[in-house]
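Coordinate-derived values only; no laboratory data. Please read all numbers here as calculations on a predicted model, not as lab measurements. Cβ: placed from backbone, ideal geometry, glycine included. Neighbour counts: every protein chain shown.
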């Protein structure tokens, strides 16, 4: 029998100083079933996105990330591939940058370098981070169903996590 090691990594929250890598956690049930708190944030492209605008129509993955977080930068392209594959079925990704407002140039460079196609939201005052991710770890994701309820939370980036997330998205989309 073969055994595979899962590598789980998460970055510390605040961008001040060097982020410490901490042991990540797998998907949790904490808060699942609760109505996801509404928010509206500016996008990197200059628009705005409001979570409640998607209620009743889309499954939304809220992904908190930062330019200083290597595990985030590894996960973002995988999320983009999932988004490209499932967006026609009503799947949306909100990638919320936790970088400071003065880092928008760095955020723009990373998004361009990675070729990301989903909305990049900016939360420089960490208002939304504090609602969903009070420890401000990254990456951190929350899957919200069409009914606006939290289905799943994930802290850290785990090799092999892609299949678990794809399964959760498929279930939420009704496949």
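Short-range pairs are left out: with C-alpha atoms under 8 Å and at least six residues apart, the relative contact order of region 26-111 is 28 percent. Computed over region 78-175, relative contact order equals 24 percent, with contacts defined as Cα pairs under 8 Å that lie 6+ residues apart. Sorted fewest first by neighbouring Cβ atoms within 10 angstrom, 64, 91 come out as 91, 64. Listed by Cβ neighbour count within 10 Å, with the fewest neighbours leading, 63, 99, 53 appear as 53, 99, 63. Fully extending the segment from residue 173 to residue 35 would add 47.9 nm, taking 0.36 nm per residue of separation and subtracting the current Cα-Cα distance.
One decimal place: the segment residue 117-residue 74 gains 13.9 nm when fully extended, by the rule 0.36 nm per residue minus the C-alpha distance.
Packing here is the average count of other Cβ atoms within 10 Å per residue, and on that basis the peptides 127-133, 69-75, highest first, run 69-75, 127-133.
Would you please classify the overall shape of region 21-173 from the alpha carbon gyration tensor, given that a ≥ b ≥ c denote the square roots of the eigenvalues, rounded means a/c under 1.5, and beyond that prolate means a/b larger than b/c while oblate covers the rest? Rounded shape, in that the Cα axes give a/c under 1.5.
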